[in-house]
Every structure is written in C-alpha cells, then in structure tokens.
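Heads up: the structure comes next, in structure tokens.
The values are calculated or read from the model by the stated rules, or taken from the named source; none is laboratory data. Model, not experiment: these values are computed from the prediction. All Cβ positions, glycine included, derive from the backbone under ideal geometry; neighbour counts span all protein chains shown.
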Amino acid sequence: MGELNRTHDPARRSFVEAANESGCDFPIQNLPFGVFRRAGDAAGRCGVAIGDKILDLAAARDETLFSGPAEEAAAAASGPDLNRLMGLGRDAVSALRARLGDLLDAAGPEREKVERLLVPLSEAEMDLPARVGDFTDFLTSGYHSTRLSPTRALAANFMSMPIAYHSRASSVRVSGGTIVRPNVQSSDGNAVRFGPTAQLDYELELGAFIGRGNALGEPLALDEAAERLFGYCLLNDWSVRDVQRWESTPLGPFLAKSLSTSISPWVVTEEAMRPFRAPAFRRPEGEPAPLPHLSSPRDQESGGLDLRLEAYLQTSRMREAGTPPMRITDTNFMHMYWTLGQMVTHHMSNGCNLVPGDLIGSGTTSGPTDESRACLAEATERGTKAIALPGGETRIWLEDGDEVIFRGRAEREGFASLGFGECRGTIGPAVPWPTASR
Ligand code: MN
C-alpha cells in the first residue's frame, strides 16, 4: 500500500469548513496540486485545493510558512507550473504535503495567517497543471480491447506488454471549453470523403504525470520506475472513430486523437492515493504471466488503484430542460490489465527518457459490465445500438452541444474518501473549411 502517515489520518479536520463535508472532493487528506489564475493575473500560480478554496503556494512562501525540504518544494512550486516541483521527487513533495496538512489543520496554530492566503475556487480559472512536453496514450483495458477487436479476443502482444502510441502534447488542454468538431477524411470502403466527422467519441481515462524521470539510456526496474509517478488526473482522450479506422493501418492513431485531449485541473498525488492502492489485475487462467522485468511482488500486491471513474452526458436539450447530466459510464481503475508502474517501466525499457511533466494516458478504463463501458464505441456496440437519454433523445456518437463530464472518487473503509474534481468538454459545431486568403 505504500507508507501511510499523519496526512492520511481520517480523523483530521480542516478549518476550511467545506473540506469536512462528506462527499467533498478535496478534504484535508487529498491536497491536490493545480495551477490557477484570479481575474487580472497575467500568469498562473501553483495552489493546493482544500474544500472550496485554494491555498496560494507562492503567497504562503512569502509569509515564510515553510522551512527545510518543504521550503525547497514550495520554492519549486512558486512559478507558473508544477514541472519543477514534479522534478524534485517524492521526498520533497511529501515534505510539502506534510506541512500543508499541518497549516490547514483545524488545530493549526498558523490558521489566521493561512486563512488570508485562501482564494475561493469559484473565483479562480484553472490552467494546465504542467507544461506537457510529451504525451503517451496507452491501451490497457482488456475489456475495451476485446470489445473493439474484430476477433473479440485479446491479441498476443496486448497480453505481453502495455500497448501505447505517442500522442500530441500541444493539444492537451485543461477541463472546460469547446471541442470543435473536426473535419476529417474517412472512407466507407468505396469513396473517400472529407468533412465534419459524424463519429466523435469520448474515452474515459486516468492521466498520470511523471515526476522525477530517468536519464536517456537508463531504464529503471519496475519498483523504482513506479515511484517516478507524481500523481493522477482525469483524462478525456477525445476520439474520432471514422478517421481512426481509415488512418490507423499501417501506422497508429494520428488525427483521430490529436484534435484535443482534456484533463482535470487538479493533480491528486500518488501519496494521497496510497490508501486506495489495490492488487494488480488478476489474469484469468491460461493468459501468460508478465515477463520478469514487468513484474514484481510489490507491483502485483499493490500496483493497482481502487478508483471509481464515471462519465456523464448532458445534451443541449437536457440543459435547456433543466435535466441533470445522465451517467453513461461507471467503472473502476482496478479493471486495467496493466498497472501504471508496468506502463512506465515498459515506456523506459528501451532507454527512452521520461521527464517531469510528461503525461501518460491509461487507455479507456472499461470493465466487464455494460455500465462500465468507457466510450461510445463500446456502449453503442460500435455504433450499431443507440443509447436512450432522458426526454426521448438517443445517441450513437456525440452531437453538437453535448457536454461530457468525468468524475473520479476513491473510497475505502477506514480512510477519508477523496475526489478528483471534474473534467469537462462541450462539443461545438465544425468550422467551415478555410479558403486561401490570397
Ligand atoms: Mn485512448
């Protein structure tokens, strides 16, 4: 499960009242990091979410609230992104987390000072938490893979290694805003056309940020590689199914994925998630065990995460009628065939260097049940069976005005439950193809 300490104490309360309410995503045991702006801020500022507030880290540092390793970490978090903090490694981040817990504790002696540094979440606009230099998206749910495979069976390579492709970092964006329906090529087997896609989909994934990385040419053993994970967020790998089919042979996904990837703004640290570590996926009889470099007793015992993940959909008609978003996916990260530690180990195994702020996508997090299908391609059985929505509407693929909302929540008996906040995006109409200006 990893080392637990006083930051995980379920009895702990904060003087920020909203943090103590049941169901709150950001109790004092969570303390996720993010980057925010208040009206008029030219650059983002690193902060920590607590209840309905944000603690401004640079402002807290100006008040000399930190010392020792926590001060070193707070200094690294005084810029416009979390990359430097991520690069410091686990001990420094842990020291900062411990001090933040003490500062925000209901019994904390610094309460008056700290209260003045809090910014209401409702007054903040969120930025990307880090400069994402590279983004790699995996495919690690066997259920997702099987449902979308022509043979309906797991491929030999899927069972041997966590499959991935290099995706696009520049179009990773923070939750919110409009996902413009892209113009793409597709083929119906006879004619090739170019125009607005009719097959826009979401993929409910977990994102993971790399903290301290590895040097080029120097892969790390699994247990050490797993410790290079800084924390987690929700990730929507927006996908365009018609061009994906057309472009993916003989190479991998390209325009089907690079249009945009949305992530939730708050990074829940690996330390905050330690109480929710779970065994790695138990492979059914007859499936090969991972090769030795992708297996360790610790990873098998606690390399998984017990994290409930949900997707909701609200159409523009539902919004106008005041109908709340409808849940369309209810799954858990425990269904993933590979652990994040195995993904990072595999990523480094050829000597490739990972650097602070690199983003990993887990792959669509589908489980075995119908409600755990984590994209429309699965939920509509590859576009053949519409799903019914309140008010008589149906959907096969996403339509203009549809908003997709992801939520994540970790719960375990004996521990304070915590949430991930939200990852949102609304589909906007395609733009007309541009004409040359001269
Ligand atoms: Mn994906």
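Overview of results
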| quantity | calculated |
| --- | --- |
| Boolean, V174 is β-branched (V, I, T) and closer than 30 Å to S316 by Cα | yes |
| Which numbered condition A11 misses (of (1) surrounded by fewer than 23 Cβ atoms within 10 Å (Cβ to Cβ); (2) under 19 Å from A107 (Cβ atoms); (3) of a type outside the set (V, I, T); (4) in contact (Cβ under 8 Å) with a residue 40 or more places away in the chain) | (4) |
| Search result, residues across the stretch 225-268 that are of a type in the set (G, A, S), modelled with pLDDT of 95 or more and closer than 21 Å to H346 by Cα | A225, A226, G231 |
| Index of the failed condition, F254 passing every other in (1) within 26 Å of I405 (Cβ to Cβ); (2) within 16 Å of the ligand (Cβ to nearest atom); (3) aromatic (F, W, Y) | (1) |
| Residue count, the stretch 219-241 (criterion: outside any loop (DSSP other than H, G, I, E, B), charged (D, E, K, R) and within 16 Å of the ligand (Cβ to nearest atom)) | 1 |
| Odd one out for A272 among (1) within 16 Å of the ligand (Cβ to nearest atom); (2) under 20 Å from the mean Cα position of the chain (by Cα); (3) of a type outside the set (V, I, T) | (1) |
| Qualifying residue in the stretch 368-384 (condition: crowded, with 19+ Cβ neighbours inside 10 Å, under 30 Å from R212 (Cα atoms) and among the acidic types (D, E)) | no |
| Sole residue being surrounded by fewer than 16 Cβ atoms within 10 Å (Cβ to Cβ) and either at negative phi or not in a strand (DSSP E or B) (or both), chosen from G47, G34, G23 | G23 |
| Residue count for the stretch 339-397, restricted to those that are acidic (D, E) and in contact with a Lys or Arg (Cβ under 9 Å, 6 or more places away or on another chain) | 4 |
| Pair list, Cβ under 7 Å, 6 or more apart: the stretch 27-38 residue of a type in the set (K, R), other residue assigned to a loop (DSSP other than H, G, I, E, B) and surrounded by fewer than 24 Cβ atoms within 10 Å (Cβ to Cβ) | R37/G44; R37/A124; R38/A124 |
| Listing of strands (runs of 3 or more DSSP E) fully contained in the stretch 325-438 that carry 1 or more residues being over 20 Å from D242 (Cα atoms) and over 14 Å from the mean Cα position of the chain (by Cα) | 326-332, 403-410, 418-428 |
| Answer residue from the stretch 339-364, given it is more than 29 Å from P80 (Cα to Cα) and away from the ligand (no atom under 15 Å from the Cβ) and is surrounded by the most Cβ atoms within 10 Å (Cβ to Cβ) among those | T339 |
| Given (1) within 30 Å of M159 (Cβ to Cβ); (2) among the β-branched types (V, I, T); (3) over 26 Å from the mean Cα position of the chain (by Cα), index of the condition V114 fails | (1) |
| Qualifying residue in the stretch 428-437 (condition: modelled with pLDDT of 95 or more and touching a helix residue (DSSP H, G or I) at 6+ places or on another chain (Cβ under 9 Å)) | no |
| Members of the stretch 380-397 that are closer than 14 Å to M326 by Cα and of a type outside the set (D, E) | I387, A388, L389, P390, G391, G392, T394, R395 |
| Failed item, numbered, when L55 is tested on (1) among the aliphatic types (A, V, I, L, M); (2) modelled with pLDDT of 95 or more; (3) more than 30 Å from E301 (Cβ to Cβ); (4) in a loop (DSSP other than H, G, I, E, B) | (4) |
| Residues (more than 14 Å from G207 (Cα to Cα) and either touching a residue at least 24 places away in the same chain (Cβ under 8 Å) or in contact with a strand residue (DSSP E or B) (Cβ under 7 Å, 6 or more places away or on another chain) (or both)) located in the stretch 261-282 | E271, A272, R274, P275, F276, R277, A278, P279, A280, F281 |
| Residues of the stretch 201-218 that turn out to be outside any loop (DSSP other than H, G, I, E, B) and within 14 Å of the ligand (Cβ to nearest atom), as a count | 7 |
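Let's see how each residue does on (1) in contact with a helix residue (DSSP H, G or I) (Cβ under 9 Å, 6 or more places away or on another chain); (2) away from the ligand (no atom under 15 Å from the Cβ):
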| position | (1), (2) |
| --- | --- |
| S122 | no, yes |
| E125 | no, yes |
| F138 | yes, no |
| H144 | yes, no |
| P150 | no, yes |
| M159 | yes, yes |
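Let's see how each residue does on (1) surrounded by fewer than 20 Cβ atoms within 10 Å (Cβ to Cβ); (2) aliphatic (A, V, I, L, M):
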residue: S186; (1), (2): no, no
residue: V192; (1), (2): yes, yes
residue: P196; (1), (2): yes, no
residue: A208; (1), (2): no, yes
residue: E218; (1), (2): yes, no
residue: A221; (1), (2): yes, yes
residue: L229; (1), (2): no, yes
residue: S248; (1), (2): yes, no
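Listed here are the residues, each with its yes/no results for (1) more than 22 Å from the chain's Cα centre (by Cα); (2) closer than 22 Å to P265 by Cα.
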| site | (1), (2) |
| --- | --- |
| A155 | yes, no |
| I179 | no, yes |
| I210 | no, yes |
| E224 | no, no |
